[in-house]
Amino acid sequence: MKYNGEHLFYGELGHFLAVLSFVASLIATISYFKASRNKLLEEQRGWIKMARIAFGIETVCVLGVFITLFFIVSHHYHEYYYAWNHSSRSLSKKYLFASIWEGQEGSFLLWNIWHCLLGWVLIWRSKKWEAPVMTVLSFAQVCLASMLLGIYFFGWKMGSNPFALLRNELNAPMLFTNPDYLQFPKIMEGNDLNATLQNYWMVIHPPILFLGFASTIVPFAYAIAGLMKNDHTWTKPVIPWAAFSGAALGGGIMMGAAWAYEALNFGGYWAWDPVENASLVPWLVMIAGLHTNLVFKSSGYSLKSTYLFYILSFSLVLYSTFLTRSGILGDTSVHAFTEQDMSVQLISFILVFFIPAMVLFFYRNKSIPTIRKEESSYSREFWMFIGSLVLFLAGIIIISKTSIPVYNKVFGTNIAMPEDPKFSYNQIQIFIAIIIGVLSAFTQYFKYKNTDKKTFFKKILWPTLIALAISLCIIFIGNIDYKEKGPGFMVAIYIAMFAGVYAFVANFAYIWIGLKGKMKSAGASIAHIGFAIALIGILISSSRKMVLSENTTGIALLPKSKDYDPQENLTLFKGVKTDMGKYDVTYVGDSINNSDHKKYFQLDFVSKDGKEKFSIYPDLINNNKGMEGQSANPDNKHYWNRDIFVYVSASSQGKQDDTSQYKPVEMKPGDSVFYSSGIIVLNDIVKSADSLKRPLQPGEVGIGMNMTVISTDGMHYRAMPVIALKDNTLRIIPDTVIAQSLIIRFNKLSDTGGGKIEFGIKEDQGIQSIITLKVYQFPFVSLLWIGIIIMITGFVMSVVQRVRAGFKTSVV
């Protein structure tokens with residue numbers, strides 16, 4: 001059957017380029033391997049030339065695949081399953097890139113692109129290491145390219161083709177009997193991008209994170225090359241690469257934390273989510289490897305550890321890929337892919353790198369230089385190795401807990417996750433933070449090999465005393481009084497606070513004491529200072545995190561559950577100013593943005609002392625991809641010393657087609673009548689214009705009926721229906737009690753002698769728009785983000801310093 005409106009050329013081109021990139025990467029791998037094993041210079045050059053040509057073809061193909069896929073997505077060619085499943089015509093253009101890496105195929109493609117770019121830098125800079133290092137990288141390209149093939153071999157499907165046609169992937173045979181199936185509204189519109197990913201951080205966070213993932217292969221490849229050649233001089237040129245990987249992967253991880261803080265509603269920036277953990281652990285191990293690498297360069301110790309850490313860092317990246325994309329995490333993570341089961345291929349991806357690397361490591365173990373003499377405890381290398389070991393131990397603990405779903409599936413067990421997952425991590429990792437903070441404070445004051453004790457203690461004394469004084473001030477003046485997890489954990493927070501301040505003061509002082517103010521050489525100290533500031537920000541913002549939205553109305557939209565506590569969610573009625581402790585909050589209104597299809601709520605905050613006034617705009621977006629309900633996106637008011645974090649936890653909109661009628665009741669002052677949720681009391685008749693709630697028109701005389709509405713939950717509301725007289729004209733002005741969905745109006749005088757008045761009372765659900773609000777205060781959370789920026793700056797300074805030193809060496 002011929003289908004109308006399909007654009008088949010682009011898919012055929014894209015798939016051809018994907019297959020060609022696989023073939024080219026395979027040729028590059030073989031050619032580079034041949035070059036690395038060939039001792040004849042002329043033949044080696046010939047193989048390298050062929051490898052570079054193949055790698056160039058592969059690079060062009062990979063970029064071509066990306067451009068073709070983006071063209072298909074941006075032009076809404078929904079005859080392709082990938083374009084239909086990850087985007088829509090109504091999707092804001094700024095999220096089109098995010099729709100590419102929402103799926104597994106797009107994320108592998110992104111990873112592939114970064115490998116290509118890193119490969120060309122290696123070709124340019126790695127000199128004698130080009131052939132063995134590029135052998136490893138090119139083989140990784142073979143594996144990544146295979147993820148995009150979507151070709152069957154003896155009934156087994158290798159990879160997933162992003163250019164597969166919708167009619168071949170979607171199980172809807174009746175739909176495709178129509179040659180004009182592309183005109184069906186659901187097909188024409190598209191399946192949309194996941195609602196939680198429609199955030200600007202999702203445009204920039206994945207590329208940086210995948211740059212970090214991709215960069216871990218470079219130290220790994222150098223380590224494998226060193227083992228293959230039994231040559232350990234690779235440890236010098238790899239240092240800037242390891243620092244770059246630490247900066248890129250660390251930055252990508254914290255961009256993810258910023259996305260969680262701004263787009264998710266768990267109230268924070270880190271939840272120990274399995275995918276967060278799986279990204280963090282390779283970074284910890286990479287940083288451990290970087291430090292042991294520096295130890296070996298300066299003292300000759302820790303070479304075996306350096307090999308091991310670099311091998312494990314990349315292997316853990318592959319393992320995190322398996323966790324994220326195999327579907328094994330199920331619904332335990334908001335980040336996990338569950339569409340395609342590529343478990344066999346992903347496990348093979350891990351094993352084909354990890355097993356040969358470990359076999360080679362143990363095979364060369366005896367030939368790796370080792371100094372038998374133990375390091376002095378007054379040497380820098382001793383404490384740097386201890387710190388690296390602690391980082392590695394932290395990674396092992398985190399990945400062990402994260403892998404519980406894997407244990408359960410592999411061994412058929414039913415190990416339950418801890419009742420409080422966050423605290424199960426925090427109660428251990430806080431001691432890791434203490435050790436790392438203290439070590440990063442004093443270790444730089446040691447010299448390599450040995451240090452005079454008196455000199456060391458003389459230099460470290462004042463930073464220690466100053467840090468102790470500052471940390472005590474923060475703890476007691478800043479009222480760090482976190483008792484939720486018991487006094488033991490609170491003491492741990494106090495010690496961690498000292499460790500953070502100590503790391504800051506000691507490293508700041510070291511720039512002047514140890515480096516004599518030479519900022520070009522201060523990359524490590526700057527990175528440590530950033531870590532210290534981030535640690536202080538984490539401790540203050542977490543321990544003094546405060547719920548501001550205590551429910552003063554007594555009304556709850558949802559029952560109490562694990563994710564919703566009515567006491568901590570303030571109920572707001574549209575147009576009604578509501579008390580929220582330090583602030584009065586008014587739900588002004590809401591509107592749908594036609595650009596991003598989110599419903600924004602305007603909330604006006606006014607402090608009780610009148611010094612603060614601001615509006616904030618959290619939003620709700622309808623869930624898609626088979627999920628029901630709505631996703632809440634928070635909004636924040638940023639101050640230098642705190643953030644006000646707000647999200648809408650529940651919403652109930654009035655029924656605009658309400659047909660309820662006014663019910664007539666007779667009352668005189670002092671009388672009361674019942675309504676469905678309480679009683680209405682007529683207090684008195686008001687004739688003073690100043691006491692009326694509504695302004696009168698010129699020449700009118702107003703009479704108000706002062707009433708009190710008392711709901712069953714004990715809340716009191718004032719109502720004042722008014723009649724306005726001018727000449728012989730009577731104007732009736734009803735009053736509304738929004739919180740109770742009541743409208744009260746004057747009908748007539750029913751008994752002039754008895755003083756009775758007939759009122760009309762209507763309970764109208766159409767006027768009741770209600771939301772519940774969760775509001776947190778995060779003190780000094782900005783320190784976390786400032787610290788991360790400073791830490792990454794330190795990494796970048798180190799990279800620049802090492803690269804410049806390498807250039808000078810090559811010139812000489």
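Out of segment 359-417, which residues are among the basic types (Lys, Arg) and more than 38 Å from the chain's Cα centre (by Cα)? Full working, then the answer.
Going through segment 359-417, the residues among the basic types (Lys, Arg) turn out to be 364, 366, 372-373, 380, 401, 409.
Hits for segment 359-417 are 364, 366, 372, 373.
Restrict the check to segment 239-250 and report whether at least one residue is open to solvent by 20 Å² or more (accessible area, probe 1.4 Å) and either farther than 24 Å from residue 139 by Cα or of a type in the set (Val, Ile, Thr) (or both).
Checked against the condition, which is being open to solvent by 20 Å² or more (accessible area, probe 1.4 Å) and either farther than 24 Å from residue 139 by Cα or of a type in the set (Val, Ile, Thr) (or both), segment 239-250 yields no hits at all.
Is it the case that segment 725-740 has a residue that's touching a Phe, Trp or Tyr at 6+ places or on another chain (Cβ under 7 Å) and polar (S, T, N, Q)? Let's see the steps before the verdict.
To start, the set of residues in segment 725-740 that are touching a Phe, Trp or Tyr at 6+ places or on another chain (Cβ under 7 Å) comprises 732, 737-740.
This time we only want the ones that are polar (S, T, N, Q), so: 740.
Yes, because at least one residue in segment 725-740 is touching a Phe, Trp or Tyr at 6+ places or on another chain (Cβ under 7 Å) and polar (S, T, N, Q).
Take segment 484-500 and flag every residue that is open to solvent by 50 Å² or more (accessible area, probe 1.4 Å) and in a loop (DSSP other than H, G, I, E, B).
Once the filter is applied, which keeps residues that are open to solvent by 50 Å² or more (accessible area, probe 1.4 Å) and in a loop (DSSP other than H, G, I, E, B), segment 484-500 yields 484, 485.
Name the single residue, out of those in segment 155-197 being within 30 Å of residue 20 (Cα to Cα) and among the aromatic types (Phe, Trp, Tyr), that is least open to solvent (accessible area, probe 1.4 Å).
Looking at residues that are within 30 Å of residue 20 (Cα to Cα) and among the aromatic types (Phe, Trp, Tyr), I get 163.
Kindly list, by first and then second residue, each pair from a residue in segment 21-38 that is touching a residue at least 24 places away in the same chain (Cβ under 8 Å) to a residue that is buried (at least 19 other Cβ atoms within 10 Å of the Cβ) and among the charged types (D, E, K, R), limited to pairs with Cβ atoms under 7 Å and residues at least 6 apart or on different chains.
21/58; 24/58; 25/58; 28/58
Working only within segment 397-414, note down all residues that are under 28 Å from residue 311 (Cβ atoms), open to solvent by 60 Å² or more (accessible area, probe 1.4 Å) and without any contact (Cβ under 8 Å) to a residue 60 or more places away in the chain.
Selection gives 407, 410, 411.
Take segment 364-375 and flag every residue that is under 23 Å from residue 216 (Cβ atoms) and either in contact with a Leu (Cβ under 7 Å, 6 or more places away or on another chain) or open to solvent by 90 Å² or more (accessible area, probe 1.4 Å) (or both).
Step one: list which residues in segment 364-375 are under 23 Å from residue 216 (Cβ atoms), which gives 364-365, 368.
Of everything in segment 364-375, those that are under 23 Å from residue 216 (Cβ atoms) and either in contact with a Leu (Cβ under 7 Å, 6 or more places away or on another chain) or open to solvent by 90 Å² or more (accessible area, probe 1.4 Å) (or both) turn out to be 364, 368.
Kindly provide the set of residues from segment 688-745 that are closer than 19 Å to residue 555 by Cα, assigned to a strand (DSSP E or B) and open to solvent by less than 40 Å² (accessible area, probe 1.4 Å), ordered by number. Spell out the reasoning first.
Step one: filter segment 688-745 for residues closer than 19 Å to residue 555 by Cα, giving 708-718, 736-742.
With the extra rule that they be assigned to a strand (DSSP E or B), the set shrinks to 708-711, 716-718, 736-737, 742.
Answer for segment 688-745, where residues must be closer than 19 Å to residue 555 by Cα, assigned to a strand (DSSP E or B) and open to solvent by less than 40 Å² (accessible area, probe 1.4 Å): 708, 709, 711, 737, 742.
Run down 611, 582 and say which single residue is modelled with pLDDT of 85 or more, open to solvent by 40 Å² or more (accessible area, probe 1.4 Å), in contact with a Lys or Arg (Cβ under 8 Å, 6 or more places away or on another chain) and more than 30 Å from residue 98 (Cα to Cα).
Working: 611 fails: in contact with a Lys or Arg (Cβ under 8 Å, 6 or more places away or on another chain).
The match here is 582.
So residue 597 passes all but one of these: (1) buried (at least 19 other Cβ atoms within 10 Å of the Cβ); (2) on the phi > 0 side of the Ramachandran plot; (3) not hydrophobic (A, V, I, L, M, F, W, C). Which condition number does it fail?
(1)
Take the residues in segment 516-538 that are open to solvent by 30 Å² or more (accessible area, probe 1.4 Å) and of a type in the set (A, V, I, L, M, F, W, C), then tell me which one is nearest to the chain's Cα centre (by Cα). Even if it seems obvious, please write down each step before you answer.
Let us first name the residues in segment 516-538 that are open to solvent by 30 Å² or more (accessible area, probe 1.4 Å), namely 516, 518-521, 524, 528, 531, 538.
Now restrict to residues that are of a type in the set (A, V, I, L, M, F, W, C): 519, 524, 531, 538.
Working: 519: 32, 524: 26, 531: 19, 538: 15 Å.
By that ranking, first place goes to 538.
Would it be correct to say that residue 49 is assigned to a loop (DSSP other than H, G, I, E, B), more than 27 Å from residue 161 (Cβ to Cβ) and out of contact with any Ser or Thr (no Cβ under 6 Å at 6 or more places or on another chain)? Steps first, please.
Working: assigned to a loop (DSSP other than H, G, I, E, B): no; more than 27 Å from residue 161 (Cβ to Cβ): yes; out of contact with any Ser or Thr (no Cβ under 6 Å at 6 or more places or on another chain): yes.
No: the conditions fail for residue 49.
In this structure, does residue 106 turn out to be of a type in the set (Gly, Ala, Ser), open to solvent by less than 10 Å² (accessible area, probe 1.4 Å) and either in a helix (DSSP H, G or I) or touching a strand residue (DSSP E or B) at 6+ places or on another chain (Cβ under 7 Å) (or both)? Spell out how you get there, then give the answer.
Numbers: of a type in the set (Gly, Ala, Ser): yes; open to solvent by less than 10 Å² (accessible area, probe 1.4 Å): yes; either in a helix (DSSP H, G or I) or touching a strand residue (DSSP E or B) at 6+ places or on another chain (Cβ under 7 Å) (or both): yes.
For residue 106, the condition - of a type in the set (Gly, Ala, Ser), open to solvent by less than 10 Å² (accessible area, probe 1.4 Å) and either in a helix (DSSP H, G or I) or touching a strand residue (DSSP E or B) at 6+ places or on another chain (Cβ under 7 Å) (or both) - is met.
Restricting to segment 745-773, give me the number of residues that are at pLDDT below 75 and touching a helix residue (DSSP H, G or I) at 6+ places or on another chain (Cβ under 9 Å).
2
Rundown of residues vs (1) part of a loop (DSSP other than H, G, I, E, B); (2) within 29 Å of residue 449 (Cα to Cα); (3) open to solvent by 30 Å² or more (accessible area, probe 1.4 Å); (4) at pLDDT below 95, yes/no style:
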{"residue": "287", "(1), (2), (3), (4)": "no, yes, no, no"}
{"residue": "291", "(1), (2), (3), (4)": "no, yes, yes, no"}
{"residue": "310", "(1), (2), (3), (4)": "no, yes, no, no"}
{"residue": "315", "(1), (2), (3), (4)": "no, no, no, no"}
{"residue": "324", "(1), (2), (3), (4)": "no, no, no, yes"}
{"residue": "330", "(1), (2), (3), (4)": "yes, no, yes, yes"}
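Just to be sure before I move on: is residue 353 buried (at least 21 other Cβ atoms within 10 Å of the Cβ) and under 30 Å from residue 224 (Cα atoms) in the structure I sent?
Numbers: buried (at least 21 other Cβ atoms within 10 Å of the Cβ): yes; under 30 Å from residue 224 (Cα atoms): yes.
Here the answer is yes, as residue 353 does meet what is asked.
Go through segment 616-638 and give me each residue that's in contact with a strand residue (DSSP E or B) (Cβ under 9 Å, 6 or more places away or on another chain) and more than 21 Å from residue 652 (Cα to Cα).
The answer is 636, 637, 638.
Check every one of the strands (runs of 3 or more DSSP E) wholly within segment 580-654 and list those with 1 or more residues that are within 25 Å of the chain's Cα centre (by Cα) and more than 30 Å from residue 90 (Cβ to Cβ). Let's see the steps before the verdict.
Details: elements: 583-592, 599-607, 613-616, 619-622, 630-633, 635-638, 642-652.
By residue number, 635-638, 642-652.
Take the residues in segment 251-268 that are of a type outside the set (Gly, Ala, Ser) and surrounded by 22 or more Cβ atoms within 10 Å (Cβ to Cβ), then tell me which one is nearest to residue 37 (Cα to Cα).
Here is the first cut: in segment 251-268, the residues of a type outside the set (Gly, Ala, Ser) are 253-255, 259, 261-262, 264-266.
Then drop every residue that is not surrounded by 22 or more Cβ atoms within 10 Å (Cβ to Cβ), which leaves 254, 261.
Working: 254: 41, 261: 50 Å.
Out of the qualifying residues, it is 254.
Tell me which of these residue 96 doesn't satisfy, since it passes every other one: (1) without any contact (Cβ under 8 Å) to a residue 40 or more places away in the chain; (2) assigned to a loop (DSSP other than H, G, I, E, B).
That leaves (2) as the condition not met.
Can you name the residue in segment 252-279 that is out of contact with any Phe, Trp or Tyr (no Cβ under 6 Å at 6 or more places or on another chain) and not in a helix (DSSP H, G or I) and is also nearest to residue 423 (Cα to Cα) among such residues?
271
Looking at segment 76-100, which of its residues are more than 14 Å from residue 163 (Cα to Cα) and open to solvent by 20 Å² or more (accessible area, probe 1.4 Å)?
Of everything in segment 76-100, those that are more than 14 Å from residue 163 (Cα to Cα) and open to solvent by 20 Å² or more (accessible area, probe 1.4 Å) turn out to be 89, 90, 93, 94, 97.
Using beta carbons and a limit of 6 Å, which pairs, at least six apart or on different chains, have the first residue in segment 435-448 and modelled with pLDDT under 95 and the second one polar (S, T, N, Q) and open to solvent by 40 Å² or more (accessible area, probe 1.4 Å)?
Once the first residue is modelled with pLDDT under 95 and sits in segment 435-448, its partners that are polar (S, T, N, Q) and open to solvent by 40 Å² or more (accessible area, probe 1.4 Å) give 448/298.
Take the conditions among the aliphatic types (A, V, I, L, M) and either in a helix (DSSP H, G or I) or closer than 30 Å to residue 81 by Cβ (or both) and apply them to residue 398. Does it pass?
Details: among the aliphatic types (A, V, I, L, M): yes; either in a helix (DSSP H, G or I) or closer than 30 Å to residue 81 by Cβ (or both): yes.
So residue 398 fits the description; yes.
Would you pick out the residues in segment 442-463 that are open to solvent by less than 40 Å² (accessible area, probe 1.4 Å) and part of a helix (DSSP H, G or I)?
Step one: of segment 442-463, the residues open to solvent by less than 40 Å² (accessible area, probe 1.4 Å) are 442-446, 451, 456, 460, 463.
Selection gives 442, 443, 444, 445, 456, 460, 463.
Which of the residues spanning segment 1-27 are touching a helix residue (DSSP H, G or I) at 6+ places or on another chain (Cβ under 9 Å), over 18 Å from residue 108 (Cβ atoms) and not β-branched (Val, Ile, Thr)?
Once the filter is applied, which keeps residues that are touching a helix residue (DSSP H, G or I) at 6+ places or on another chain (Cβ under 9 Å), over 18 Å from residue 108 (Cβ atoms) and not β-branched (Val, Ile, Thr), segment 1-27 yields 1, 3, 4, 5, 6, 7, 10, 13.
The values are calculated or read from the model by the stated rules, or taken from the named source; none is laboratory data. Predicted model, so just to flag it, every value in this text is computed and none were measured. As a convention, Cβ positions derive from the backbone with ideal geometry for all residues, glycine included, and neighbour counts pool all protein chains shown. Accessible surface areas use protein heavy atoms only, side chains included; no ligands, DNA or RNA. Shrake-Rupley method; radii C 1.70, N 1.55, O 1.52, S 1.80 Å.
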